[in-house]
Structure formats: C-alpha cells, structure tokens
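Notes to accompany the following structure.
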Amino acid sequence: MEVIKLREEFIKLGQALKAAGLVESGVEAKEVILSGLVAVNGEIDTRRGRKLYGGDIVTFDGEEIKIED
C-alpha cells in the first residue's frame with residue numbers, strides 16, 4: 001500500500017494517482033477515473049477533482065493508496 005502524506009488540507013484524486021506513480025500523466029489519470037476504474041473508500045468515483053483527506057483509501061488496478069494527515 002502506497003501512503004501519501006498531505007502537505008495541505010487535501011489532495012485531488014488525479015494528483016494522488018500521479019503522486020503514487022500509478023499513472024504517468026494527468027491525462028491518463030483523467031481517463032482511468034472517468035472510465036470508472038478508481039474507487040475511493042470502496043465506492044467508484046468518476047470525479048478527477050474529488051478531494052481526498054486523511055484516512056481516505058484509493059483503489060486502482062489492484063493497488064491501494066492511503067491518504068494520511
């Protein structure tokens with residue numbers, strides 16, 4: 001599981017995927033999110049700008065990202 005520590009109040013979903021190295025670009029992040037391949041806290045979310053806060057778990061392609069304060 002990849003852990004991302006927040007530097008600000010939140011991180012956006014697309015940015016989190018890039019920061020964790022699960023996608024190579026913002027365009028790729030947008031495509032996988034809009035295709036319904038990304039879940040936040042167990043539910044599919046198609047909003048690239050979805051704000052993630054400490055405690056959120058993102059799942060994509062069998063990988064998990066944990067967001068920490």
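The values are calculated or read from the model by the stated rules, or taken from the named source; none is laboratory data. As the structure is a computational prediction, the values presented were derived from the model and not from experiment. Cβ sites come from the backbone with ideal geometry, for glycine too, and all protein chains shown count toward neighbours.
Structural remarks
- Identity of the residue in the range 1-34, touching a residue at least 40 places away in the same chain (Cβ under 8 Å) and basic (Lys, Arg), that ends up surrounded by the most Cβ atoms within 10 Å (Cβ to Cβ): 12
Residue-wise test of (1) hydrophobic (A, V, I, L, M, F, W, C); (2) at negative phi.
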| residue | (1), (2) |
| --- | --- |
| 6 | yes, yes |
| 12 | no, yes |
| 18 | no, yes |
| 31 | no, yes |
| 38 | yes, yes |
| 43 | no, yes |
| 46 | no, yes |
| 55 | no, no |
| 62 | no, no |
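- Enumeration of residues in the range 35-56 that are touching a residue at least 40 places away in the same chain (Cβ under 8 Å) and closer than 15 Å to residue 20 by Cβ: 52
- Only strands (runs of 3 or more DSSP E) whose full extent lies in the chain are considered here, and the ones with at least 1 residues that are more than 11 Å from the chain's Cα centre (by Cα) and of a type in the set (Asp, Glu) are 63-68.
- Every residue from the range 35-55 that is surrounded by 11 or more Cβ atoms within 10 Å (Cβ to Cβ), modelled with pLDDT of 95 or more and either closer than 14 Å to residue 12 by Cβ or charged (D, E, K, R) (or both): 38, 40, 45, 46, 47, 50, 51, 52, 53
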